[in-house]
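What follows is one structure encoded as structure tokens, with my remarks underneath.
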Amino acid sequence: MPGTHQASKFDQSTRGGALKLLWFRMNLHFKRMILCLLIINLASCGGREPVDLLIVNASVYTVDGDKPWAQALAIRDGLIVAVGASDALIRDYEGEQLDLQGQMVLPGFHDSHSHLVYGGLELMRCDLSAESTVEDLLQTIAACDDALAAGEWLIAGGWDLSLFESTNPSKSLLDDINPKRRMFIRGADGHSAWASSAALDYAGIAAETPNPSDGIIERDASAEPRGVLRESAMMLVEKVLPAVTVEDRLKAARISVALAHSMGITSVIDAATTESDAKAFDALDADAALNLRLVLAMSLIAPFFDQAPLSSVKVSERYSDQNVRRSSAKIFIDGVLEGETAALLSPYLVGNHGHGMLITPASALTEQVVALDAAGVQLMFHAIGDAGVRLALDALEAAREANPAQDLRHHISHLQLVDPEDHPRFEALGVVANFQALWAFP
């Protein structure tokens with residue numbers, strides 16, 4: 001039917017024209033949308049992105065091997081959002097500017113072994129850490145004594161043991177300053193203390209007093225206490241000292257945190273934390289006064305700290321982003337070389353010619369280490385003598401054999417003497433060798 005055929009061609013033509021018109025209109029609309037988006041984008045490019053702080057004209061060490069140095073940083077909401085040249089960042093960002101005039105900017109430092117509250121308390125008292133001669137040391141002690149009222153304890157810290165022969169000063173030096181003053185002066189190593197006669201008498205330490213477990217009372221030729229107490233023997237006097245208050249601990253923590261910040265330290269392992277110390281850190285954090293990331297190695301086996309219970313270790317906090325994490329435990333293996341309490345494979349050449357001391361017998365230590373490793377607790381060991389280091393490695397090897405492999409990265413700290421045969425065991429067992437420069441030389 002010719003009429004039908006013509007109508008069909010007409011319908012197709014009409015529909016084709018309509019589609020072309022619709023496509024044209026859609027295309028025009030689409031083009032307008034693209035144009036608007038381009039205009040908006042160009043307008044936004046004309047402004048600078050707001051940030052909280054622009055650090056410019058600095059020497060920024062990026063720790064990026066490909067681009068190790070930069071001049072400027074842009075910071076927003078506590079995060080670095082841009083690194084580059086000063087002129088480029090000033091062009092692209094706006095905010096408060098800090099011109100460092102060439103000074104260096106580094107990533108924050110990590111302190112792998114510190115005692116924040118302990119150190120803060122020493123700084124609050126009679127601080128002897130700057131004294132490098134016996135004369136200066138005694139003058140400072142005398143000045144601290146003059147500042148105290150009658151009957152008060154003189155509690156000091158930081159004296160350099162190497163100033164005295166055999167690291168063993170006499171109580172008579174303190175008695176000459178003030179025979180009535182009860183004085184208790186902790187050594188810089190934290191493992192020895194020096195006490196006056198009045199302090200020893202007050203604590204009931206006499207010739208007949210036996211050495212405590214894991215401790216030494218230094219004596220003169222007639223067996224009388226000479227004045228120096230080693231390791232757990234310090235606790236004989238510490239237990240009669242005026243109590244450290246909650247406010248004292250908070251103040252000490254604030255002092256140490258401020259000192260850490262002044263040196264660019266932004267994270268710390270607190271290596272032997274008591275429950276009281278942990279509460280002080282929690283209080284600072286809750287008050288937004290910490291601004292420091294802390295891993296607390298709770299003092300599980302620590303004969304001269306207030307020992308923390310196993311329940312104080314929180315394995316679940318290890319990978320959290322909270323500022324204070326109780327995910328580690330501290331274990332003391334031995335003492336220190338200067339007090340002849342570090343555990344040695346060969347005997348000491350001087351003094352009593354002994355081998356030092358082990359805080360925990362090998363079998364008991366291994367049993368505890370295997371159990372803690374199985375529970376996922378990261379361990380930090382204090383080990384200074386070569387026998388102490390070997391014992392720690394032996395215990396960790398037993399844990400590796402008994403338990404499934406875990407990336408716990410247990411630490412052995414100080415490592416003042418390590419037998420060469422034990423060097424490869426660190427890598428084989430995945431143990432971190434946590435050295436400190438203070439212990440660099442025997």
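None of the figures in this text is laboratory data; all of them are computed from the coordinates on show. Everything numeric here is computed off the predicted structure, so don't read it as measured data. In this analysis, Cβ positions are derived from the backbone assuming ideal geometry, glycine residues included, and neighbour counts consider all displayed protein chains.
Can you tally the net charge around LEU259? Count Lys and Arg as +1, Asp and Glu as -1, for every other residue whose Cβ sits under 14 Å from the Cβ of LEU259. All intermediate terms of the calculation are to be shown ahead of the outcome.
Details: positive: LYS251, ARG254; negative: ASP111, GLU122, ASP127, ASP270.
Value of the local net charge: -2.
How much mean residue ellipticity at 222 nm does the chain get from its helices, if each DSSP H run of length 4 or more adds -39500 (n - 2.57) and you divide by all residues, to the nearest 500 deg cm²/dmol?
Result for the chain, helices only: -11500 deg cm²/dmol.
Can you give the FRET efficiency for LEU106 and GLN436, using 1/(1 + (r/R0)^6), R0 = 22 Å, r = Cβ-Cβ distance, to the nearest 0.05? Calculated value: 0.65. Note on percent of Cα pairs over 30 Å apart: of the candidates (1) 58; (2) 42; (3) 69, the value calculated from this structure sits at (1). Gain on full extension, evaluated as 0.36 nm per residue between SER267 and ASP87 minus their Cα-Cα distance, stands at 61.6 nm. Principal-axis analysis of the Cα atoms of the chain puts helix 246-262 at an angle of about 60° to the longest axis. Each residue, ALA130 and GLN97, gets one label point 7 Å from its Cα in the Cβ direction; the gap between the two is 3.9 nm.
Sort 375-385, 220-230, 394-404 by packing, meaning the average of other beta carbons within 10 Å per residue, with the highest value first. Write down the numbers at each step before the final one.
Numbers: 375-385: 24.6, 220-230: 18.7, 394-404: 16.5.
By packing density, highest mean first, the sequence is 375-385, 220-230, 394-404.
Of the residues ARG182, ARG76, the one with the fewest other Cβ atoms within 10 Å heads the list, and the complete ranking is ARG76, ARG182.
Compute the FRET efficiency between ASN403 and ARG293 as 1/(1 + (r/R0)^6), taking r as their Cβ-Cβ distance and R0 = 30 Å, and round to the nearest 0.05. Before the final figure, lay out each step's value.
Numbers: r = 28 Å, r/R0 = 0.93.
Between ASN403 and ARG293 the formula returns 0.60.
For region 195-255 and region 51-70, what is the separation of their C-alpha centers, rounded to whole Å? That distance is 50 Å. Once backbone amide H atoms are built at 1.01 Å from N, VAL324 has LEU294 as its partners under 5 Å, excluding neighbours fewer than 5 places away on the same chain.
Sort 304-311, 106-113 by the packing proxy (mean of other Cβ within 10 Å over each peptide's residues), most packed first. Intermediate results must be reported in sequence, preceding the final value.
Numbers: 304-311: 16.2, 106-113: 14.4.
In descending order of packing, they fall as 304-311, 106-113.
So if we plug the beta-carbon distance of ALA149 and VAL350 into 1/(1 + (r/R0)^6) with R0 = 35 Å, what FRET efficiency do we get, rounded to 0.05? With R0 = 35 Å, the Cβ-Cβ based efficiency is 0.25.
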